[in-house]
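What follows is one structure encoded as structure tokens, with my remarks underneath.
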Amino acid sequence: MRDRALIFAGLFLFVAIVTCPLWWGIAARTSTQGPELKLAEGKTCVAPADYMRASHMQFLIDWRDGKVRQHHSQYTAYNGAHYNVSLTNTCLGQCHGSKKQFCDQCHSYVAISTPSCWDCHQDVSGKTATMATAAVPGRMP
Amino acid sequence: MYMLDKALIGSRRYWGWIALLLILVGVGFVCYCWQLIVGLGITGMSRDISWGIYIGQFTFFVGIAASAVMVVLPYYFHNMKEFGKITILGEFLAIAAVIMCMLFIFVDMGQPARVLNVLFYPTLHSMMFWDMISLGGYLLLNAVISAVMLDCEYKHLHPPRWLRPVVLFSVPWAISIHTVTAFLYNGLPGRSLWLTAILAPRFLASAFASGPALLILLCLLLRRLTSFDAGNEAIRKLGIIVAYAMSLNVFFLLLELFTALYSHVPEHSAAFRYLFFGLEGKHPLVPVMWLSVIMAAAALVALLVPALRNDRRILVVASALVFGSLWLDKGMGLIVAGFVPSPLGHVTVYTPTAPEIAIVFGVWAIGALILTVFYKITTSIREAN
Amino acid sequence: MKITRMNFLRVLGGAVLAAGAGKFVKGIGDAAQTPSGVPGAKNFATAGGATGGDRAPKRWGMAIDFGKCGKGCNDCMRACRSAHNVPQIPDANHEIKWIWEEPYEKVFPYQRTDYERQDLVGRPLLVLCNHCADPPCTRVCPTQATWKRDDGIVMMDYHRCIGCRYCVAGCPYGSRSFNWVDPRPYIETMNPQFPTRTKGVVEKCNFCEERLADGLLPACVEACSQKALVFGDLNDENSAVRQALKSRYAMQRTPELGTGPSVFYLT
């Protein structure tokens, strides 16, 4: 076989590429430890938890289009609570606190990158959230 | 598809050409990745000149795409048998040109991942929406027509009867794609260079001059490189078409210049003065425009004198001059000059940067690659028959 | 047509394409609406409670007083910049400008005379988005990322903008800026109350619509130490801006284009 060297080189390359998820994972020292979510203490959710888990992206899109395109800046939740429509102020600032400790926990684990919201909207992680659930006149970050 | 294998058999020269094109595509692609990361700031465009060579090239190649009609119309409507061999070349040229247009638009976008928003949120009052529809439709039409025609040739069959109305339909559609492209520009109240009714006729005339000129060059190239011969009659008739279209194009330009320069209305003439003489000491496009004028004049002399036009070598030079002159005028001059002076009276100079030029070369190379593969398949099939 | 394998595959492919096309068309129709699938939730409410009713629609407008402005201060520009995280990019080609100054000759190039009033020669005037009554920019946008609201404000949806810059070409006033690079490194002080923008989208003055929603005046109007900016509802005869327009001669930029600017310059 004249092409022995070429064939074996090709085979080796193929095996390396096919198994790369394994050895890449080892090199990156990823763990199988699940996400540790720190939920907002003592606060009611804007929607039922299982709905948020399944469809929070749709919820955010509804908030976004309602606020930007329909000029709707207040939202009444299923339990009657009022919220100011704001990603930074309400979602992060008022409820979930930190993008790193909340959003990124699940998103990094399942390797689904968060959409490019944070290119524009500011990540106010670290700032204390207010407990107010009444409609807060505020701006829309 | 099932005929692509014909494009995989070729001489060393053929593969050398393919390799060169692939290198250009690769370099352009790397520069585009850089543009995606850093933003369109790596180009020479600015707050005042917000469209540059990408959109200029898009405008020029829509014209090339529309020009397929100049071989399809005489053959299908008026039975001009000489064009029978080259209609398919015109259609393949149209496909390559439309794909280049779409790529030029794509690389010009600030948020290309969102390009489908134009289809998700159709906006009937926006000419850009209609441009996407008309270009997409034209691509589909030409793809169907050329695939069926080539398939029939391969199998020594007559084309199916349903193809004729599709071909006839592609003729007004071809006119419409360049008219819609002109409508992109000539309905904008703030850009006086473009706000003129004659923009669409100018676009069509320059399309019908530059497209057939390119087709002449391609046919003669194919005659030299392969055994495919378009025929002297076809080349001669194409030359006549280029002569008429170029005369019309130059006439339209002179009409524009008269209105602008005789009326003395500053708004009308400012952009023309910038193009041909410079404004506020800035004259980057002046050599470009005068070169275009000189090339056009020389080409017209060669085209309008039958003794000169019928000489093959002079026709080659004249076609190259026509293509070059119109590429300079439409591809580089028109779009950038539309933004000068800016709405607040500023004169900003636009110079394309190296990565921008590399991306342009990359898109050209993709078009050339598509054209090469299609022409290789066509000539292989013709040679086999 | 003979039933060969190739023909069968062709018909199958065509059928799949047709079914897919149907789904695609339906998808476009669905995408055009915003479904609210949250169980049990009531819908949104506009800021300020009641929506419309018997009141005539607003038309927000501004009047800029030549005489009081142009004293060399830039309070309005700084207020706008800090309220909206407008970056200060040193390369003039990539500047982002919401409200800024231009000399009188550039703002009114075809409305001035050969022998101009002395104090107007070279005088800096404020320019900003005119929030036109008939804006060419919203006419040309292919995705409706910019549109004219009922209250007259020409809005931007940065989420939908594809960065084609057709609106920039369409604007006859040069009011729009495209983000050629990522603006964040060039923002002096970040206002956490307002988002930044990202590279690849177009932005412009928004008449402080977020402040108007809270019953506040735009940042520039509030910050002006000379009280040179008058803001209000052009449809309300008794508003401050209408009062100013009743008594003073005012100019608009290129009125002959039919855009109907909502920004007036009081001479």
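Among what's in the range A:59-85 and is out of contact with any Ser or Thr (no Cβ under 8 Å at 6 or more places or on another chain) and surrounded by 21 or more Cβ atoms within 10 Å (Cβ to Cβ), pick the residue that is modelled with the lowest pLDDT.
Filtering first and then ranking leaves A:Tyr75.
Yes or no: B:Leu303 part of a helix (DSSP H, G or I) and within 14 Å of chain C (Cβ to nearest Cβ)?
Details: part of a helix (DSSP H, G or I): yes; within 14 Å of chain C (Cβ to nearest Cβ): no.
No: the conditions fail for B:Leu303.
Tell me which of these C:Ala145 doesn't satisfy, since it passes every other one: (1) more than 9 Å from chain B (Cβ to nearest Cβ); (2) under 21 Å from B:Gly39 (Cβ atoms).
(1)
What residue, among those in the range B:107-123 that are farther than 19 Å from C:Lys26 by Cβ and aliphatic (A, V, I, L, M), is surrounded by the fewest Cβ atoms within 10 Å (Cβ to Cβ)?
Residue satisfying both the conditions and the ranking: B:Ala113.
Which condition number does C:Glu188 fail, the rest of (1) over 14 Å from the mean Cα position of the chain (by Cα); (2) facing another protein chain (nearest Cβ under 7 Å); (3) among the charged types (D, E, K, R) being met?
With (1) over 14 Å from the mean Cα position of the chain (by Cα); (2) facing another protein chain (nearest Cβ under 7 Å); (3) among the charged types (D, E, K, R) applied to C:Glu188, the lone miss is (2).
Tally the residues that are touching a residue at least 60 places away in the same chain (Cβ under 8 Å), surrounded by fewer than 17 Cβ atoms within 10 Å (Cβ to Cβ) and of a type in the set (Phe, Trp, Tyr), restricting the search to the range B:131-186.
Going through the range B:131-186 one residue at a time, the tally reaches 0.
With respect to A:Gly93, determine if the residue is within 14 Å of chain C (Cβ to nearest Cβ), surrounded by 19 or more Cβ atoms within 10 Å (Cβ to Cβ) and within 16 Å of C:Pro195 (Cα to Cα).
yes
Among the numbered conditions (1) surrounded by 21 or more Cβ atoms within 10 Å (Cβ to Cβ); (2) more than 22 Å from the chain's Cα centre (by Cα), tell me where B:Val336 comes up short.
Exception for B:Val336: condition (2).
I'm trying to understand the selection: among the residues of the range B:99-141, which are in a loop (DSSP other than H, G, I, E, B) and either more than 8 Å from every other protein chain (Cβ to nearest Cβ) or of a type in the set (A, V, I, L, M, F, W, C) (or both)?
The first filter runs over the range B:99-141 and keeps only residues in a loop (DSSP other than H, G, I, E, B), leaving B:109-111, B:115-116, B:121-126.
Across the range B:99-141, the qualifying residues are B:Met109, B:Val115, B:Leu116, B:Leu124.
Taking C:Pro135 as the residue in question, decide whether it is in contact with a strand residue (DSSP E or B) (Cβ under 8 Å, 6 or more places away or on another chain) and either over 30 Å from B:Gly187 (Cβ atoms) or free of Cβ contacts under 8 Å to residues at least 60 places away in the same chain (or both).
Details: in contact with a strand residue (DSSP E or B) (Cβ under 8 Å, 6 or more places away or on another chain): yes; either over 30 Å from B:Gly187 (Cβ atoms) or free of Cβ contacts under 8 Å to residues at least 60 places away in the same chain (or both): no.
No, not satisfied.
Is it true that some residue in the range C:234-249 is under 21 Å from the mean Cα position of the chain (by Cα) and of a type outside the set (A, V, I, L, M)?
Our first condition is that a residue be under 21 Å from the mean Cα position of the chain (by Cα); within the range C:234-249, this holds for C:234-235, C:241.
Still in the list and also of a type outside the set (A, V, I, L, M): C:235.
Yes, some residue in the range C:234-249 is under 21 Å from the mean Cα position of the chain (by Cα) and of a type outside the set (A, V, I, L, M).
Is there any pair linking a residue in the range B:327-349 that is within 8 Å of chain C (Cβ to nearest Cβ) to one that is among the β-branched types (Val, Ile, Thr), with Cβ under 6 Å and at least six apart or on different chains, and which?
These pairs meet every condition: B:Phe339/B:Ile49; B:Thr348/B:Ile49.
Could you list, in sequence order, the residues of the range B:189-228 that are part of a loop (DSSP other than H, G, I, E, B) and touching a residue at least 40 places away in the same chain (Cβ under 8 Å)?
Within the range B:189-228, the first condition is being part of a loop (DSSP other than H, G, I, E, B), and the residues that meet it are B:189-198, B:226-228.
Within the range B:189-228, B:Gly190, B:Arg191, B:Ser192, B:Leu193, B:Trp194, B:Thr196, B:Ile198, B:Thr226, B:Ser227, B:Phe228 qualify.
Could you tell me which of the residues B:Trp51, B:Trp15, B:Trp34 is of a type in the set (Phe, Trp, Tyr), within 14 Å of chain C (Cβ to nearest Cβ) and part of a helix (DSSP H, G or I)?
Working: B:Trp51 fails: part of a helix (DSSP H, G or I); B:Trp15 fails: within 14 Å of chain C (Cβ to nearest Cβ).
That would be B:Trp34, the only listed residue that is of a type in the set (Phe, Trp, Tyr), within 14 Å of chain C (Cβ to nearest Cβ) and part of a helix (DSSP H, G or I).
Tell me which residues, restricted to the range A:69-89, are free of Cβ contacts under 8 Å to residues at least 40 places away in the same chain and either closer than 19 Å to A:Thr114 by Cβ or more than 22 Å from the chain's Cα centre (by Cα) (or both). Quick ask: steps written out before the conclusion?
Here is the first cut: in the range A:69-89, the residues free of Cβ contacts under 8 Å to residues at least 40 places away in the same chain are A:69-72, A:75-80.
Residues satisfying the conditions are A:Arg69, A:Gln70, A:His71, A:His72, A:Thr76, A:Tyr78, A:Asn79, A:Gly80.
Just wondering, is there one or more residues in the range C:122-136 that are in contact with a His (Cβ under 9 Å, 6 or more places away or on another chain), surrounded by 22 or more Cβ atoms within 10 Å (Cβ to Cβ) and more than 7 Å from chain B (Cβ to nearest Cβ)?
Step one: list which residues in the range C:122-136 are in contact with a His (Cβ under 9 Å, 6 or more places away or on another chain), which gives none.
No; the residues of the range C:122-136 include none that is in contact with a His (Cβ under 9 Å, 6 or more places away or on another chain), surrounded by 22 or more Cβ atoms within 10 Å (Cβ to Cβ) and more than 7 Å from chain B (Cβ to nearest Cβ).
If we scan the range A:110-120, do we find a residue that is under 21 Å from C:Gln193 (Cα atoms), in contact (Cβ under 8 Å) with a residue 60 or more places away in the chain and under 11 Å from the mean Cα position of the chain (by Cα)? Talk me through it step by step, then tell me what you get.
Going residue by residue through the range A:110-120, those that are under 21 Å from C:Gln193 (Cα atoms) are A:115-120.
From what's left, in contact (Cβ under 8 Å) with a residue 60 or more places away in the chain: none.
No, every residue in the range A:110-120 fails to be under 21 Å from C:Gln193 (Cα atoms), in contact (Cβ under 8 Å) with a residue 60 or more places away in the chain and under 11 Å from the mean Cα position of the chain (by Cα).
Do we find that A:Thr130 is surrounded by fewer than 19 Cβ atoms within 10 Å (Cβ to Cβ), at pLDDT below 85, more than 18 Å from the chain's Cα centre (by Cα) and part of a loop (DSSP other than H, G, I, E, B) in this structure? Even if it seems obvious, please write down each step before you answer.
Details: surrounded by fewer than 19 Cβ atoms within 10 Å (Cβ to Cβ): yes; at pLDDT below 85: yes; more than 18 Å from the chain's Cα centre (by Cα): yes; part of a loop (DSSP other than H, G, I, E, B): yes.
Answer is yes for this residue.
Right, B:Pro343: out of contact with any Lys or Arg (no Cβ under 8 Å at 6 or more places or on another chain), in a loop (DSSP other than H, G, I, E, B) and more than 30 Å from B:Ile37 (Cβ to Cβ) or not?
Numbers: out of contact with any Lys or Arg (no Cβ under 8 Å at 6 or more places or on another chain): yes; in a loop (DSSP other than H, G, I, E, B): yes; more than 30 Å from B:Ile37 (Cβ to Cβ): yes.
Yes: the conditions hold for B:Pro343.
Among the residues of the range A:74-87, are any β-branched (Val, Ile, Thr) and part of a helix (DSSP H, G or I)?
Our first condition is that a residue be β-branched (Val, Ile, Thr); within the range A:74-87, this holds for A:76, A:85.
Subset that is part of a helix (DSSP H, G or I): none.
The answer is no; no qualifying residue exists.
Which helices (runs of 4 or more DSSP H) does the range C:169-267 wholly contain that include 1 or more residues that are closer than 27 Å to C:Glu105 by Cα? Even if it seems obvious, please write down each step before you answer.
Working: elements: C:209-212, C:219-223, C:240-247.
Qualifying helices (runs of 4 or more DSSP H): C:219-223, C:240-247.
Of the residues B:Tyr274, B:Tyr244, which single one is surrounded by 20 or more Cβ atoms within 10 Å (Cβ to Cβ) and of a type in the set (Phe, Trp, Tyr)? Even if it seems obvious, please write down each step before you answer.
Working: B:Tyr244 fails: surrounded by 20 or more Cβ atoms within 10 Å (Cβ to Cβ).
Just one listed residue meets the conditions, B:Tyr274.
Name the single residue that is farthest from C:Ser247 (Cα to Cα) among those in the range C:91-119 being assigned to a loop (DSSP other than H, G, I, E, B) and without any contact (Cβ under 8 Å) to a residue 60 or more places away in the chain.
Of the residues in the range C:91-119, the ones assigned to a loop (DSSP other than H, G, I, E, B) are C:91, C:95-98, C:108-117.
Next, only the ones that are without any contact (Cβ under 8 Å) to a residue 60 or more places away in the chain stay: C:91, C:109, C:112-117.
Values: C:Asp91: 42, C:Pro109: 25, C:Arg112: 21, C:Thr113: 23, C:Asp114: 27, C:Tyr115: 25, C:Glu116: 22, C:Arg117: 20 Å.
The qualifying residue farthest from C:Ser247 (Cα to Cα) is C:Asp91.
The values are calculated or read from the model by the stated rules, or taken from the named source; none is laboratory data. Please read these numbers as outputs of a predicted model, since none were measured by experiment. All Cβ positions, glycine included, derive from the backbone under ideal geometry; neighbour counts span all protein chains shown.
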